[in-house]
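Asks: The structure is given below, and queries will be raised subsequently.
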Amino acid sequence: MNSDDNLSEKPASSGQSDPQKGGQVKKVLIVDDDYEIIDSVRYAIEGEGYEVIVARDGNQGLALAEREDPDLMILDMMMPKRSGFLVLEKLRRTRDEPMPVIMITGNEGSRHKAYAELLGVSDYIRKPFPMNRLIAAVNKLIG
C-alpha cells in the first residue's frame, strides 16, 4: 500500500472541527474592552467557521448572553461596568445549563485563577497568548 492510499481513508481537513449544531453555525460571544484583542480573536474564530458576537463590557456581555444564547463565551477579566468575575457569578446564578467560558486575562495572580475555576470557567488563558492556544480551547469545548 502506498502513501496515496491513506489519503482516501480520511476526508481532507485543515484541523478544524465542524462548528455546526443541528445544521446551525455555533456562536461564540467575545466579551472584552480591548479592540485589538477583539479584532484578532474574531478573525481567528470566524476563520474556524464559528459565528462571532461581540460585547465591549460586562453588562453588554450579559445582555447578549441572554438574548443570543451563545455556545461559548470568551471573557476578559478586567473590564468597565462589570468585571469578568461579576459576569461569571451572574451567569452561574441565572442559567439553568452552564455555558462554557474561556477567561482571558493579563492578570498573573494565582488567586484570580483559583476563583475563576471555582466559578466554573472551562479554561483560563493569560495574555498575551498564542492564537492557536485559544483556537484549540474553543474547538475542544464546542467543536
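Asks: Residues of region 9-56 being at pLDDT below 95 and either basic (Lys, Arg) or assigned to a helix (DSSP H, G or I) (or both), which ones?
Replies: Across region 9-56, the qualifying residues are Lys10, Lys21.
Asks: Kindly indicate whether Val121 is part of a helix (DSSP H, G or I) and either in contact (Cβ under 8 Å) with a residue 24 or more places away in the chain or surrounded by 19 or more Cβ atoms within 10 Å (Cβ to Cβ) (or both).
Replies: Considered against the rule, which asks whether it is part of a helix (DSSP H, G or I) and either in contact (Cβ under 8 Å) with a residue 24 or more places away in the chain or surrounded by 19 or more Cβ atoms within 10 Å (Cβ to Cβ) (or both), Val121 comes out as no.
Asks: While we're looking at this one, here's another question. Within region 62-81, how many residues turn out to be touching a residue at least 12 places away in the same chain (Cβ under 8 Å) and either among the basic types (Lys, Arg) or closer than 18 Å to Tyr124 by Cα (or both)?
Replies: 10
Asks: Let me ask you something else. Of (1) crowded, with 16+ Cβ neighbours inside 10 Å; (2) closer than 18 Å to Gly143 by Cβ; (3) among the aromatic types (Phe, Trp, Tyr), Phe85 satisfies all except one. Which?
Replies: That leaves (2) as the condition not met.
Asks: Now, a different point. Give the residue that is surrounded by the fewest Cβ atoms within 10 Å (Cβ to Cβ), with candidates limited to residues of region 57-71 that are part of a loop (DSSP other than H, G, I, E, B) and in contact with a helix residue (DSSP H, G or I) (Cβ under 8 Å, 6 or more places away or on another chain).
Replies: Here is the first cut: in region 57-71, the residues part of a loop (DSSP other than H, G, I, E, B) are 57, 69-71.
Applying the additional criterion that residues be in contact with a helix residue (DSSP H, G or I) (Cβ under 8 Å, 6 or more places away or on another chain) yields 70-71.
On the way: Pro70: 23, Asp71: 21.
Once the filter is applied, the top-ranked residue is Asp71.
Asks: Taking the criterion of being among the small types (Gly, Ala, Ser) and over 28 Å from Gly23 (Cα atoms), would at least one residue in region 132-141 satisfy it?
Replies: no
Asks: Moving to a separate point now. Return only the number of the condition from (1) touching a residue at least 24 places away in the same chain (Cβ under 8 Å); (2) farther than 19 Å from Asn139 by Cβ; (3) not small (Gly, Ala, Ser) that Arg111 does not satisfy.
Replies: Looking at each condition in turn, Arg111 falls short on (1).
Asks: State whether one or more residues within region 37-54 are within 20 Å of Ala116 (Cα to Cα) and polar (S, T, N, Q).
Replies: no
Asks: Let me ask something else. Determine which member of the set Phe129, Phe85 is in a helix (DSSP H, G or I) and of a type in the set (Phe, Trp, Tyr). Even if it seems obvious, please write down each step before you answer.
Replies: On the way: Phe129 fails: in a helix (DSSP H, G or I).
Exactly one of Phe129, Phe85 is in a helix (DSSP H, G or I) and of a type in the set (Phe, Trp, Tyr), namely Phe85.
The values are calculated or read from the model by the stated rules, or taken from the named source; none is laboratory data. The shown structure was predicted, so the numbers you read here are calculated from the model rather than taken from an experiment. Here the Cβ is made from the backbone with ideal geometry for all residues, glycine too, and neighbour counts use every protein chain on show.
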